[in-house]
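Colleague: A single structure is presented below for examination.
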Amino acid sequence: MQNIPKKLILSHALPPNDTYTQGLDQDKSSLQLIDQLDVPHLRRILKLSKPVHKASVLHDALNTPAEMAAAQGMGWNLEDGELPFAALKAVEFGLLGTTKTVANHWAFITLCSWHVQHGQVTFSADANALGLTRSESEEVLTVMKPYFEEDFIHIISHPQLPPGQWLAYSDHFDALSSASVNRVSGRVIDDFLIGTGKSSHHKSARTLRRLQNEMQMLLYQHPINDHRPVGINSFWISGTGAIQANALQNTKELYSNIQVVDFSSKDMDILQPLSPQWVSAWSAKWEEIDATMLPHYLDAFLNAVQDTQISLCNDTACITLAPLEISWTRRLKTFLRTSKISRSLNE
């Protein structure tokens, strides 16, 4: 059996706007979508699995269900808005845990585009989605960096991060709640900004908002936007949170056993969810995953490999499946039973 990450997280694998934890019968169209998928390996896995965790998020949650599933796989405290994904990258890049000079207060700084319409501000796209090049990213960083340094925020560029995104460390990020880019993309940002909601009373909220305003003015006049149909006009802070010191040693090993696959793409993001074109792209992605990845996980479920899990998520909910630990006789009876995907997920 091939060596695979034990925990597979499939983001946007469930149809959008289903809570699932409240019963699938509330949305017949989504039931039909998921039951009509041509995914033989998924169907077999479902017959050999049981839901071990179901969760849904509120409308004002700062992290997505897929991010919560990854955090659970890492053994982190599931504190919304303080899941330390930036610190995790710092560990991955050898920046944290190997030097005493770098504090455990990290964040992602991501260039983005905000769109104002009818008095509402929407997070329309990040720099990577807008096609920012590596050279443009470094050009902008050169101009922005001194402003961040004045506020004791130290930015680090890394080639494995997408253009327009950097790591940063500062005491300003200590115990700061922040919304992930995936959570705010396409949404009105009023309730997700630093200084609102859970971060409204944070000691550095004013400093960070002031810096954000300064960078908006700087980016508005920057040549990077001269020939760009959609301007890059702000930055977003995300991924804040600290990894406990006693967990740093095992962080890389835990992360190596988690694989996250996002079903969404640039093409799907511009399509209306549940439209025929969206359904076609989503179904094609499912068929690809079923043919390439799920055969290996089927082997793991057949052999009831310990700690193997598959999490199916959308924008509101997540269901995590684990292998059934039953006798081969009962397993055979279960395997021969016919059932719909939707019924299996709702057991």
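Colleague: At a Förster distance of 25 Å, what's the computed FRET efficiency of Lys203 paired with Ile155, Cβ-Cβ distance as r, to 0.05?
Modeller: Once rounded, the FRET efficiency stands at 0.75.
Colleague: Let me ask another. Compute the distribution of all C-alpha to C-alpha distances in the chain, in bins of 10 Å from 0, and list the percent of pairs in each, rounded to whole numbers.
Modeller: Bin by bin from 0 Å, the calculated values are 5, 23, 31, 24, 13, 4, 1, 0.
Colleague: Let me ask something else. Expressed in nm to one decimal, what extension gain is obtained for the pair His227 and Glu288 from 0.36 nm per residue of sequence separation less their Cα-Cα distance?
Modeller: 18.3 nm
Colleague: Right, next: List the cysteines of the chain that have no other Cys Cβ closer than 4.7 Å: which are they?
Modeller: Cys112
Colleague: What is the calculated FRET efficiency for Val188 to Gln36, with r their C-beta to C-beta distance and R₀ = 41 Å, to the nearest 0.05?
Modeller: According to the calculation, E is roughly 0.80.
Colleague: Cα-Cα over 21 Å: which of Lys6/Lys54; Lys54/Lys252; Lys7/Lys54; Lys145/Lys252; Lys6/Lys50; Lys7/Lys285? Don't jump to the answer; show the numbers that get you there.
Modeller: On the way: Lys6/Lys54 18 Å; Lys54/Lys252 26 Å; Lys7/Lys54 15 Å; Lys145/Lys252 29 Å; Lys6/Lys50 16 Å; Lys7/Lys285 19 Å.
Violating the 21 Å limit, Cα to Cα: Lys54/Lys252; Lys145/Lys252.
Colleague: Figure the gain on full extension for Ser265 and Asn3 (residue separation times 0.36 nm, minus the Cα-Cα span) and round it to one decimal in nm.
Modeller: Details: separation 262, 0.36 × 262 = 94.32 nm, distance 2.72 nm.
So the extension gain works out to 91.6 nm.
Colleague: While we're here: When the helix-only estimate is applied to the chain (DSSP H runs of n ≥ 4, each -39,500 (n - 2.57), divided by the residue count), what is the mean residue ellipticity at 222 nm, nearest 500 deg cm²/dmol? List each step's numbers first, then the result.
Modeller: Values: 13 runs with 124 residues, N = 347.
Value at 222 nm, helices only, nearest 500: -10500 deg cm²/dmol.
Colleague: Please report, in debye to the nearest 20, how large the charge dipole of the chain is about its Cα centre when each Lys and Arg carries +1 at its beta carbon and each Asp and Glu carries -1 there.
Modeller: 1080 debye
Colleague: Right, next: Given points 7 Å out from each Cα along the Cα-Cβ axis, report the Arg343 to Trp114 separation in nanometres with one decimal.
Modeller: 5.1 nm
Any read-out appearing in this document is the output of simple, stated calculations on the displayed coordinates, not a laboratory observation. Note that the coordinates shown come from a computational prediction; the quantities given were computed from them, not determined experimentally. Because the Cβ atoms are built from the backbone with ideal geometry, glycine has one as well, and the counts that use them run over all protein chains shown.
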